[in-house]
Structure formats: C-alpha cells, structure tokens
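Trainee: What follows is a single structure, and I will ask about it in a moment.
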Amino acid sequence: MSTMVTTSRRHGLGFWLVAYAFAVTMAFSAAPAPLYVLYQQKDGFGPFTVTLVFAAYAVGVVVSLFLAGHVSDWAGRRRVLIAAVLVNVLAAVMFLAWTAVPALLVARFVSGISVGMLTATATAHLAELHDVARPRAPRTRADVVATAANLGGIGLGPLIAGFLAEYVADPLHVPYLVFQALMLLGALAVALVPETVEPVARPYRPQRVSVPGEARGRFFAAGAAALAGFAVFGMFTSLAPGFVANTLHQRSHALAGLVSFAVFGSAALAQILLARAAPRRQAGFGLGLLVTGIVLVIVAVWVPSLALFVAGGILAGGGAGATFKGCVSVVLSIAPPDGRGEALAGLFLAAYIGLTVPVLALGLAAQLIPVALAMLVFGAALVLILGLFTKPLLASV
C-alpha cells in the first residue's frame, strides 16, 4: 500500500512539473509578439517581413509535428519533452545573439520545431501521469490543465515579454534571458518526472496524414473552421501589436502583450468552460463568437477603436478556441480507431495552413494598400470560408 501511495504522489508531483514546463515553453513560443515593433524600428522592415518571421515558426511546427510529434509514443515521453524544451532554449540563445531578419527567421523556425515536439507529447504525458496519480478520477483535470498550459501559456508569453519590454532597459534581450531561465528550470523539472511509456525499438516513420473517406465532407468542414480560427490566432501573434501601435496609436509594449494575452486567455477559458459540452454545441457556439469577433476587429481598425479591437479579439479568441475543440471532437468521432492520429494530423495541417497563408497575405496587403482595407479583405475572406464550408460540421455533431 505504501508503495502505491508513493507512486501516486510521485506521479501527482510530476503532473504539475510537466504542466509548468509545458506552459513556460509555450509562453516563450509567443513571447516575440510584442517585440516585433521594436525589431521593425531597429531594422526598418514592414508588416510582410513580420509575417514571414511568424510563418517560419509555423513551418517549423508543421515539420516537427509530422517528423517528431509522435516519436514519444515509443521513445518515451520524458526524453522527448526535455529535448523539446532545450530546443527552445537554443532558440532563445539565437534571439540573444543576433537581431537581424535572417537570424529571426532561423530562431522562429527552431522555436517551431520545439513546439511541434512538445504539444502532443506533453498532453499525452499529463494524461498518463494523471491516470496513475488519480486512477479513479475522470480525466477532466488533465484536459483542463493541458489546455491552460497550451493556450494559456501562449497568452502569458506576450504578456510577460510586453511588460518587460515596457519597463526594462534592454527590451530585446531581457525577455529572452527571463524565458531562458524559466525553460531551463522546466527541463530540470521534467528530468525528475516518472516515465509513463516503456521505450521500445521500432523503425522510424513520419506521421502519416489521412482523411476518413466516408466522411470527407465533415472532415473538410472541420479543416475549414480550424483554418479560419488559427488565422485569427496568427494575426494576433504577428501583426496585431503593429496595428495597436501604428493604427490605434497605442505604443505601449505592455498593452500589446495584454491584447495577445486576452485573445489566448479567452480561447483557453472557452475550451475549459465547454469541456463537457456536446461537440455540436462547442462548434456552433465557437463559430458564432468567431464571426462576431472578426467583424468587431474589422470595425475597430476602421473606426479606429482600441476598446472594440480588444473586445473583438476576446470574442474571436474564445470562438476560435471553442471551434477548434469542437473540430477535434468531430474528427475523433468520424475517424476509425486505428486512424485517429493520422486524421488529427490532417486537421492540424489545415490549422497551420491557416496560421501561415492568410496571415502572410494580410502582411503583404498591408504594405500595398491601407491597413483598414487589408483587414477588411482578410476578415471578409475568413467569414466567407466559415459561411461556405462549415455547414456540414454543424450538421454532423
């Protein structure tokens, strides 16, 4: 009995150590968001270059998801988690050493590699540690903590970096030093966590992508909704701080970080509050909030109004979070049991296309036409995608 209690306590403590490492590493992945304005002032580049730097991160995530996101299933959770955190520490070193655009591109790509390794591995590790620590409890706590660490961490990164940039003397170095220390502490913490997967030798293969043939309409509807939701996330972690500074004339880095935090905080909160709701309710509620938020953001840029911009961001973030949770539920329900990982890989591919392509187009448009008009086209395109392609999603869940 005492051995069981000791095991339960070790896994219970390990649960929170993994949650910490997950949260601080995701926080660092979004920390540069409020700093892009400073890089623009220093090197004189425009919005399109900002989106290129951001896209390098998204490309890194996609590459890593398909090459390394599933490796912990046979290599062990702990060693992959430690490697993922240390890869992001390496990205922080790059940010500290160089500030030129090529260095930013490489550093963001490396950070994306880390996140692609981290997300599925940490989520699975949290669930497994929870099952050992609380064998009779439902897995709701593990799901809530994973969501809070993931989306909440992404929100905390810009918040912390923005406040540091506003109030410290060296805003392009101190935030990275702080996150580097936090992540090194996280790597050390994970080294103390019990392993939950017995490592086995097996031939390596990349993650496959598949679409359930008998339910392609519903799958593509989920993909379209994920694409639009992640396009909103991409805009708020790349171009939004520039809009706040240049279009809304609010040049506080702390405020820019707070806006990003509000968007991702609302996304995490929406997922937590709707954790037990039916997938149809999640998707329907999320799509309504997402469209409303997009409209408010467009109006805010045209007026212009900071209050409307923040309100729109909160609604759009909450809508994107709830919609994506509903999309995951739909894909899991229509995919065969032995093909769920491959189907989810397809959904994440659609999401990260949304994180890059629309945001790149917005960044390019913002350099060629007025920002308000570029935002109008961007928002209208997302609403059109949601209107044309997501009806099967609501009919099926």
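Trainee: How large is the accessible surface per residue of segment 235-368, computed with a 1.4 Å probe and reported in Å² as a whole number?
Mentor: 37 Å²
Trainee: Which value does Rg/Rh take for segment 38-95 over its C-alpha atoms, Rh per Kirkwood?
Mentor: 1.13
Trainee: Using only the C-alpha atoms of segment 114-173, find the volume of their convex hull and express it per residue in Å³.
Mentor: Given the Cα convex hull of segment 114-173, per-residue volume reads 97 Å³.
Trainee: By how many nm would the segment from VAL144 to ARG251 grow when fully extended, if each residue of separation counts as 0.36 nm and the alpha-carbon distance is taken off?
Mentor: Computed gain between VAL144 and ARG251 is 35.1 nm.
Trainee: Could you give the C-alpha radius of gyration of the chain expressed as a fraction of 2.2 N^0.38 Å, taking N as the number of residues it contains?
Mentor: Against the empirical 2.2 N^0.38 Å value, I get 0.95 for the chain.
Trainee: Please report Rg over Rh for segment 212-320, where both radii come from the alpha carbon positions and Rh follows the Kirkwood definition.
Mentor: Ratio of gyration radius to Kirkwood radius: 1.04.
Trainee: Using the scaling law 2.2 N^0.38 Å as the reference, what is the normalised Cα Rg of segment 71-214?
Mentor: In units of the globular-protein estimate, segment 71-214 measures up at 1.21.
Trainee: Same structure again: What ranking, highest mean first, results for peptides 67-74, 383-390 when packing means the other Cβ atoms within 10 Å averaged over each residue?
Mentor: 67-74, 383-390
Trainee: Over segment 143-197, what percent of the accessible surface lies on carbon and sulfur atoms, probe 1.4 Å?
Mentor: With neighbouring chains kept in place, the figure for segment 143-197 is 74 percent.
Trainee: Related question: Hey, if you drop one equal point scatterer on each alpha-carbon of segment 146-274 and run the Debye formula without solvent, what base-10 log of I(q)/I(0) do you get at q = 0.12 Å⁻¹?
Mentor: -0.73
Trainee: Given segment 272-365, what whole percent of its Cα pairs are spread farther than 15 Å?
Mentor: Taking all Cα-Cα pairs of segment 272-365, the fraction more than 15 Å apart is 67 percent.
Trainee: Ok, one more. Helices from the chain with mean Kyte-Doolittle at least 1.6 and a Cα length along the axis of 20 Å or more, per DSSP H: which?
Mentor: The qualifying helices are 47-67, 77-97, 174-191, 253-273, 306-334, 371-389.
Trainee: I need the Kirkwood Rh of segment 1-113: take the reciprocal of the average 1/r across all distinct C-alpha pairs and report it in angstrom.
Mentor: Every distinct Cα pair counted, the radius reaches 15.8 Å.
Trainee: Can you show me the helix-derived [θ] at 222 nm for the chain, built from DSSP H runs with n ≥ 4 at -39,500 (n - 2.57) apiece and divided by the number of residues, rounded to the nearest 500.
Mentor: Taken over the chain, the calculation gives -26500 deg cm²/dmol.
The values are calculated or read from the model by the stated rules, or taken from the named source; none is laboratory data. A quick note: this is a predicted structure, and the numbers were derived from the prediction, not measured. Neighbour counts run over all protein chains shown; Cβ positions are idealised from the backbone, glycine included. Areas reflect the complete protein model, heavy atoms only, side chains present, ligands, DNA and RNA absent. Shrake-Rupley method; radii C 1.70, N 1.55, O 1.52, S 1.80 Å.
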